[in-house]
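Structure, as structure tokens:
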Amino acid sequence: MLSSFRSLIRDVPDFPKPGIVFKDVTPLLADPAGLSLAVELMANPFRHEKIDVVAGPESRGFIFGTAVARTLNAGFVPVRKPGKLPYRTRSIEYALEYGTDALHVHEDAVKPGMRVLIVDDLLATGGTLGAAVQLLGPKGLGGTIVGASVLIELSFLEGRKRLAQMTGDSNIKLSALITY
């Protein structure tokens, strides 16, 4: 089964910068059966966790996050790049494997105590997930981070380790469908 997912993910060398091999999920998104199964498998580890909202970092986190939110009967919170949200926001800057970036979320998107699942397409160095946990969790908007679900984990970049370092929590439930 996982080999069929791997066949729907294409490697694009030197994107967005030389030396980076980008994992392109658009072939998976175009395949109805593959997309449906991926969403179900990404949601499954969290089905009994009573998720209030799924948060998805821009941009592929929107695609998988809204589908997982629908599957879990939860709301969806977009976590956006700077300047993309119309209301008052909270933000955090973080390091990527190839630079720096920032995430913004509406200041009222997550209420204290809400149970939050973060969904994205990829865990690389852990920067985006770690920033989302900090932004939405107890030290940010006050949500309870139940876990994170990603389609792909690039384990050689040790994102799990960095996620634990950034958040101070080595027990975040993290589910990855495919590991490279």
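The values are calculated or read from the model by the stated rules, or taken from the named source; none is laboratory data. Quick caveat: nothing in here was measured; it's all calculated off a predicted structure. Heads up, the Cβs are rebuilt from the backbone with ideal geometry, glycines too, and the neighbour counts pull from every protein chain shown. In case anyone asks, the SASA skips ligands and DNA or RNA and just uses the protein heavy atoms, side chains included. Shrake-Rupley method; radii C 1.70, N 1.55, O 1.52, S 1.80 Å.
When the residues of the range 48-82 are narrowed to those that are in contact (Cβ under 8 Å) with a residue 24 or more places away in the chain, open to solvent by 50 Å² or more (accessible area, probe 1.4 Å) and part of a helix (DSSP H, G or I), which ends up farthest from residue 11 (Cα to Cα)? Step by step, filter the range 48-82, then rank; the result is 63. Restricting 32, 45 to residues that are free of Cβ contacts under 8 Å to residues at least 12 places away in the same chain, open to solvent by 40 Å² or more (accessible area, probe 1.4 Å) and either touching a Cys at 6+ places or on another chain (Cβ under 9 Å) or of a type outside the set (Ser, Thr, Tyr) (or both) narrows the list to 32. Restricting attention to the range 11-54, which residues are charged (D, E, K, R) and either at positive phi or at pLDDT 95 or above (or both)? If the condition is that a residue be charged (D, E, K, R) and either at positive phi or at pLDDT 95 or above (or both), then 11, 14, 23, 24, 31, 40, 47, 49, 50, 52 are the ones that fit. Are any of the residues in the range 22-43 more than 30 Å from residue 139 (Cβ to Cβ), among the β-branched types (Val, Ile, Thr) and not in a helix (DSSP H, G or I)? Taking every residue of the range 22-43 in turn, at least one turns out to be more than 30 Å from residue 139 (Cβ to Cβ), among the β-branched types (Val, Ile, Thr) and not in a helix (DSSP H, G or I). Look at the range 112-123: where a residue is on the phi > 0 side of the Ramachandran plot and a partner is among the hydroxyl-bearing types (Ser, Thr, Tyr), sitting 6+ places away or on another chain with Cβ atoms under 7 Å, you get 113/144. For residue 37, are the conditions met, namely being without any contact (Cβ under 8 Å) to a residue 60 or more places away in the chain, within 25 Å of residue 125 (Cβ to Cβ) and surrounded by 14 or more Cβ atoms within 10 Å (Cβ to Cβ)? Taking the combined requirement at face value, the residue does not satisfy it. When the range 148-165 is filtered for residues that are open to solvent by less than 10 Å² (accessible area, probe 1.4 Å) and in contact with an Asp or Glu (Cβ under 7 Å, 6 or more places away or on another chain), the ones remaining, listed by number, are 150, 151, 152, 159.
Restricted to the range 98-180, the set of strands (runs of 3 or more DSSP E) holding at least 2 residues that are farther than 22 Å from residue 35 by Cβ, within 12 Å of the chain's Cα centre (by Cα) and at pLDDT 95 or above is empty. Consider residue 100 carefully, then state whether it is surrounded by fewer than 17 Cβ atoms within 10 Å (Cβ to Cβ) and either in contact with a Gly (Cβ under 6 Å, 6 or more places away or on another chain) or under 30 Å from residue 18 (Cα atoms) (or both). Here the answer is yes, as residue 100 does meet what is asked.
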